[in-house]
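Have a look at the structure below before the remarks.
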2 protein chains.
Amino acid sequence: MRMPDIDAFVNEEAQRLISELEGWCAIPSISGDPDYATALADSARYAVGLMRAAGLEAEVLHGEGSDPAAFGTWSGAGPGAPTVTIYGHHDVQPPGPLSAWTTPPFEPSVRDGYLYARGVADDKGLVHQQLAAVRHLLSAEGRLPVNVRFLVEGEEELLSPHLEPLLAEHAERLACDLVLVADTGMLAADVPTITTSVRGSLAVAIELRSAAGDLHAGAYGGTVPNAGRALAEMIGRLYDRDGTVAIDGFYDEVREPSAEERRLIAELPFQEAEFSRAIGVRALPGERGYSPLERVGLRPACEVNAIHAGYDGPGMSASIPSTARATISLKLVPDQDPDRVYDQLQGWLQDNVPEGCSVMMRTLTRAWPFQTPVKHPGNVALSRAIERVWGRAPLYVFEGAAGPQHSLSRVLGADCVHFGTCLPDDNYHAPDERLLLANYFRGVRAAAHFLGELGEMPRDALGSARA
Amino acid sequence: MRMPDIDAFVNEEAQRLISELEGWCAIPSISGDPDYATALADSARYAVGLMRAAGLEAEVLHGEGSDPAAFGTWSGAGPGAPTVTIYGHHDVQPPGPLSAWTTPPFEPSVRDGYLYARGVADDKGLVHQQLAAVRHLLSAEGRLPVNVRFLVEGEEELLSPHLEPLLAEHAERLACDLVLVADTGMLAADVPTITTSVRGSLAVAIELRSAAGDLHAGAYGGTVPNAGRALAEMIGRLYDRDGTVAIDGFYDEVREPSAEERRLIAELPFQEAEFSRAIGVRALPGERGYSPLERVGLRPACEVNAIHAGYDGPGMSASIPSTARATISLKLVPDQDPDRVYDQLQGWLQDNVPEGCSVMMRTLTRAWPFQTPVKHPGNVALSRAIERVWGRAPLYVFEGAAGPQHSLSRVLGADCVHFGTCLPDDNYHAPDERLLLANYFRGVRAAAHFLGELGEMPRDALGSARA
């Protein structure tokens with residue numbers, strides 16, 4: 001189909017798009033907090049309203065036990081055309097201390113070319129970007145180059161605990177040839193990037209117990225087990241002398257980075273000194289033989305998120321702690337499987353229980369690693385769309401943290417690609433979250449071109465299970 | 001001098017002694033809390049009243065910055081007779097949650113032969129025991145076998161932060177041939193014991209910093225320093241493979257237990273299984289080649305009191321902690337010196353700073369180890385007094401935790417011996433603190449006999465710096 005003038009649309013409609021996005025961001029759709037259940041429902045209805053305004057059939061979906069999602073569909077391109085499911089979320093992180101915000105988190109405010117609001121970058125702005133593109137194409141041409149579904153869930157910030165059953169329940173309506181995850185960013189406003197790989201994760205809580213209660217360190221020191229010491233020693237043994245993870249079999253399924261992947265990473269603008277200064281670290285320790293970006297994107301890791309034992313307050317308590325707790329997260333790369341890694345860790349713990357202690361472990365979160373080949377037709381379409389708007393080809397990014405890509409791909413039987421115009425300094429999950437409007441508008445244009453590029457492709461080129 | 005009938009006195013005066021002690025225990029003399037400053041002053045005055053009632057000259061001492069102490073003196077035995085300074089304290093631990101107490105902590109109550117109240121065992125009852133003995137001797141005979149000073153301080157539960165200057169300021173009035181620390185217990189009501197050794201301690205706070213702020217574990221995992229992991233690994237390295245302390249030079253000054261000391265410890269009734277069951281531990285790990293009681297009494301140790309890094313609340317935060325804190329206490333035996341051990345630990349930390357981290361350390365508490373030879377004339381006198389009352393010779397105990405013995409001995413230039421009738425199940429520092437009255441009365445009798453035994457000794461037999 002002929003592509004209408006998306007640039008003109010964006011220029012003409014800019015203020016209306018901003019107002020619409022502000023209206024959505026004013027709704028405090030914090031997931032996981034019963035106090036905000038009404039706001040979350042309002043936000044889902046708002047999304048349905050945006051979808052209908054864009055010309056989609058839309059409704060709120062209530063999955064079993066899940067917060068409400070917004071679902072929209074347009075099938076006018078016919079069964080021969082590709083179908084793309086655009087995934088995003090309308091729930092937001094809690095705002096944290098209000099005093100840290102320049103303007104209130106749920107009173108959207110434009111300053112210096114940015115729209116400030118909780119959720120504007122993660123992820124309402126990026127979903128709205130896609131809806132704006134669809135609306136323009138439908139209003140200008142009466143049709144889209146491809147069939148489109150939108151799924152905007154309400155529990156992403158909780159790591160999508162009910163997404164899989166929701167997908168399964170509506171699998172027929174969501175069936176597609178490609179999933180677009182509209183929840184990522186780019187390296188800089190003038191350095192467009194495509195996320196093509198995300199690491200998975202297994203986070204576990206470990207609890208160690210050494211005695212019926214805390215014991216006086218003077219009276220018992222040197223003769224009883226100490227849960228705090230034991231947990232520290234156990235964590236120490238989790239790593240080999242070279243800093244790699246000491247769990248048996250942990251690296252067995254790790255796919256070695258290809259020469260192509262390493263070349264793509266080497267192309268990214270990255271200054272070790274500047275990177276270190278920005279986060280205030282003195283060194284970048286890690287697995288030998290890999291650059292910092294290779295380690296973050298393509299190598300597994302084991303991080304201690306928390307460790308707690310004993311008294312925590314003013315002064316001290318001269319006690320031997322009888323319990324100790326740690327949260328550990330293992331970052332996983334293809335072809336590691338969080339369930340298999342859980343078994344490996346469980347086995348390691350059993351072999352390493354400190355003398356006199358008992359150990360309990362439970363899963364906190366699981367996410368599968370996910371990769372899309374750089375040359376995947378979906379990435380090719382995205383790359384062309386980005387080049388049209390930014391005037392330069394995108395670079396490819398291997399990111400450290402996964403969302404629900406694995407679930408989406410597995411249940412819907414399609415590959416995932418990623419697009420979004422969030423920037424590294426957009427403060428997502430932090431106070432003063434914001435979205436650079438100029439980049440948002442570029443994103444609207446790129447989103448339209450992406451659908452156009454997809455429309456040029458035969459369905460079977462996308463290689464989905466449906467094809 | 002002739003010893004009056006202390007048994008008859010105790011029988012006749014029992015109810016009055018209990019009422020007096022109840023009156024003292026009703027005063028909530030919690031040290032270190034400004035809300036209880038008035039109570040602490042009332043308690044010091046109450047102690048002065050008890051001293052005067054016993055026939056001593058007495059006054060409240062206000063040291064520089066310190067909570068009030070009670071001081072009493074009786075010098076009628078003349079300059080040729082030995083002088084003993086009896087040390088104790090009138091401050092008490094905070095009671096903790098009131099709901100855990102059967103009767104309110106500051107409403108003393110007699111049940112089943114016990115007097116229940118905060119501070120009754122630690123340490124008002126044991127000081128009162130000594131005062132009761134003195135009162136009876138003075139009222140019955142008009143004189144004591146030796147010169148006596150009482151120093152009842154108000155900051156022992158804070159680890160006596162101002163005791164040394166107070167002692168120095170009043171050194172002339174407190175000068176003595178022997179110090180009796182009236183703040184210890186015995187193994188059981190029918191197993192009288194004398195504490196003859198206490199371990200010292202160096203407690204430090206260690207803080208580790210790895211980045212300007214916490215970092216997202218997905219985005220940075222595997223490529224930045226992690227303060228929680230680094231601190232755990234560092235604590236792991238504090239110990240050698242056999243569990244001993246890995247700090248260079250730590251054992252250099254440790255005096256090897258003598259055959260006599262090991263024999264005395266072996267004489268103590270100790271059942272490993274029963275001991276373990278009582279505190280709910282599955283094993284008694286520790287330094288090889290030493291029994292559990294040898295380890296607690298005569299071997300140094302390194303205990304982790306607390307370790308804290310990262311989020312601590314419901315759910316989890318997938319962050320890499322940028323700071324981590326630990327409290328470590330090193331238990332010390334003769335001839336270890338906490339100041340020298342501090343330097344050793346500081347040196348070890350400098351040699352073991354994890355890559356990319358900075359480490360800070362500060363002292364929380366210091367206590368010197370202290371030992372009195374078992375055959376010291378003061379212990380001989382105590383032993384005879386105990387045998388008269390209990391009908392059996394006391395055993396000797398090597399305890400895990402010191403009070404101010406080192407300061408008392410050093411500033412007053414005299415050795416310390418220990419006596420008190422607190423029992424292991426008297427719940428000191430816990431709810432329902434109590435004192436077995438039958439044992440308290442035995443203690444009053446033994447305290448009188450102890451002064452009698454001392455009176456039989458020539459001053460120079462006590463071997464003090466004054467002699």
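The values are calculated or read from the model by the stated rules, or taken from the named source; none is laboratory data. In this text the structure is predicted, and so the values were computed from the model without any measurement. Using ideal geometry, Cβ is built from the backbone for each residue, glycine included, and neighbour counts are taken over all protein chains shown.
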Of the candidates A:446, A:393, the one satisfying the condition of being away from chain B (no Cβ under 14 Å), assigned to a loop (DSSP other than H, G, I, E, B), farther than 30 Å from residue A:203 by Cβ and of a type in the set (A, V, I, L, M) is A:393
Flag if residue B:209 is within 12 Å of chain A (Cβ to nearest Cβ), more than 30 Å from residue B:412 (Cβ to Cβ) and at pLDDT below 95:
no
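Given the structure, is residue A:10 of a type in the set (Val, Ile, Thr), in contact with a strand residue (DSSP E or B) (Cβ under 6 Å, 6 or more places away or on another chain) and in a helix (DSSP H, G or I)? Lay out the reasoning, then the answer.
On the way: of a type in the set (Val, Ile, Thr): yes; in contact with a strand residue (DSSP E or B) (Cβ under 6 Å, 6 or more places away or on another chain): no; in a helix (DSSP H, G or I): yes.
So residue A:10 does not fit the description; no.
Does residue A:214 satisfy the condition of being free of Cβ contacts under 8 Å to residues at least 60 places away in the same chain and assigned by TED's automatic domain parsing to the domain that holds residue A:306?
Values: free of Cβ contacts under 8 Å to residues at least 60 places away in the same chain: no; assigned by TED's automatic domain parsing to the domain that holds residue A:306: yes.
So residue A:214 does not fit the description; no.
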Counting only residues that are more than 14 Å from chain A (Cβ to nearest Cβ), in contact with a helix residue (DSSP H, G or I) (Cβ under 7 Å, 6 or more places away or on another chain) and among the hydrophobic types (A, V, I, L, M, F, W, C), which one in the range B:409-422 is surrounded by the fewest Cβ atoms within 10 Å (Cβ to Cβ)?
B:411
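Per-residue answers, yes or no, for (1) in the same structural domain as residue A:134 (by TED's automatic domain parsing); (2) among the small types (Gly, Ala, Ser); (3) buried (at least 23 other Cβ atoms within 10 Å of the Cβ); (4) in contact with a strand residue (DSSP E or B) (Cβ under 6 Å, 6 or more places away or on another chain):
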{"site": "A:49", "(1), (2), (3), (4)": "yes, yes, no, no"}
{"site": "A:71", "(1), (2), (3), (4)": "yes, no, yes, yes"}
{"site": "A:80", "(1), (2), (3), (4)": "yes, yes, no, no"}
{"site": "A:94", "(1), (2), (3), (4)": "yes, no, no, yes"}
{"site": "A:98", "(1), (2), (3), (4)": "yes, no, no, no"}
{"site": "A:103", "(1), (2), (3), (4)": "yes, no, no, yes"}
{"site": "A:109", "(1), (2), (3), (4)": "yes, yes, no, yes"}
{"site": "A:113", "(1), (2), (3), (4)": "yes, yes, no, no"}
For residue A:170: the one exception among (1) surrounded by fewer than 24 Cβ atoms within 10 Å (Cβ to Cβ); (2) within 11 Å of another protein chain (Cβ to nearest Cβ); (3) not aliphatic (A, V, I, L, M)
(2)
Would you confirm, using the coordinates I've provided, whether residue B:330 is away from every other protein chain (no Cβ under 14 Å), in contact with a Phe, Trp or Tyr (Cβ under 9 Å, 6 or more places away or on another chain) and in contact (Cβ under 8 Å) with a residue 12 or more places away in the chain?
no
Verdict on residue A:228 being assigned to a loop (DSSP other than H, G, I, E, B), farther than 18 Å from residue B:221 by Cβ and either facing another protein chain (nearest Cβ under 10 Å) or among the small types (Gly, Ala, Ser) (or both):
no
Could we say that residue A:224 is in contact with a His (Cβ under 6 Å, 6 or more places away or on another chain), buried (at least 24 other Cβ atoms within 10 Å of the Cβ) and at pLDDT 95 or above here?
no
Can you tell me which of (1) out of contact with any His (no Cβ under 8 Å at 6 or more places or on another chain); (2) within 18 Å of residue B:180 (Cα to Cα); (3) within 14 Å of chain A (Cβ to nearest Cβ) is the one residue B:370 doesn't meet?
(1)
How many residues are in contact with a Leu (Cβ under 6 Å, 6 or more places away or on another chain) and surrounded by fewer than 22 Cβ atoms within 10 Å (Cβ to Cβ) when one looks only at the range B:204-219?
1
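Please work out if residue A:311 is within 10 Å of chain B (Cβ to nearest Cβ), over 27 Å from residue A:267 (Cα atoms) and surrounded by fewer than 19 Cβ atoms within 10 Å (Cβ to Cβ).
yes
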